[in-house]
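Peer 1: Structure incoming, see below.
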Amino acid sequence: FEAIQLGSMILHGPDLGNFQDSYERLAAGRAALQVDSPEALASAVLEMQDPSARAPYIEAANRVVMESQSTLDETEKLVLETLART
């Protein structure tokens, strides 16, 4: 989400590891583009050099981040509480 907050468009492969939930939210919001091969990545990078092509993804990603902010705030609170106890 940090990359989104910096205005970057998210391109990702199919292996999402521990971030499956986050990428599912991005996919549901049409906020990221999955690429499944080196050729697809190259094509997407070239296509997304046009600001008007990537703008809808960036706008959608920012909406997903804002919707998720309360979750991030709660996580931060729990981490800080845990650290304070140690």
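The values are calculated or read from the model by the stated rules, or taken from the named source; none is laboratory data. Keep in mind that what you see is a predicted model, and the values were worked out from it rather than measured. Don't worry about glycine lacking a Cβ; one is built from the backbone with ideal geometry, like all the others, and counts go over all protein chains shown. What goes into the accessible areas is simple: the full protein's heavy atoms, side chains included, and nothing from ligands, DNA or RNA. Shrake-Rupley method; radii C 1.70, N 1.55, O 1.52, S 1.80 Å.
Peer 1: On the given criteria, is A55 of a type in the set (G, A, S), in contact (Cβ under 8 Å) with a residue 12 or more places away in the chain and within 18 Å of A3 (Cα to Cα)?
Peer 2: Taking the combined requirement at face value, the residue does not satisfy it.
Peer 1: Looking only at residues that are of a type in the set (K, R) and exposed (fewer than 12 other Cβ atoms within 10 Å of the Cβ) in segment 44-86, which one is nearest to R30 (Cα to Cα)?
Peer 2: To start, the set of residues in segment 44-86 that are of a type in the set (K, R) comprises 54, 63, 77, 85.
Next cut, exposed (fewer than 12 other Cβ atoms within 10 Å of the Cβ) only: 77, 85.
Working: K77: 29, R85: 40 Å.
So, considering only residues that are of a type in the set (K, R) and exposed (fewer than 12 other Cβ atoms within 10 Å of the Cβ), the one nearest to R30 (Cα to Cα) is K77.
Peer 1: Across segment 37-60, what is the number of residues that are over 17 Å from the mean Cα position of the chain (by Cα) and not aliphatic (A, V, I, L, M)?
Peer 2: Selection size over segment 37-60: 9.
Listed here are the residues, each with its yes/no results for (1) at pLDDT below 90; (2) of a type in the set (A, V, I, L, M); (3) assigned to a helix (DSSP H, G or I).
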| position | (1), (2), (3) |
| --- | --- |
| Q49 | no, no, no |
| I58 | no, yes, yes |
| A61 | no, yes, yes |
| V64 | no, yes, yes |
| Q69 | yes, no, yes |
| L72 | yes, yes, yes |
| T75 | yes, no, yes |
| T82 | no, no, yes |
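Peer 1: All but one of (1) open to solvent by 80 Å² or more (accessible area, probe 1.4 Å); (2) part of a loop (DSSP other than H, G, I, E, B); (3) not polar (S, T, N, Q) hold for G7; state the number of the condition that does not hold.
Peer 2: (1)
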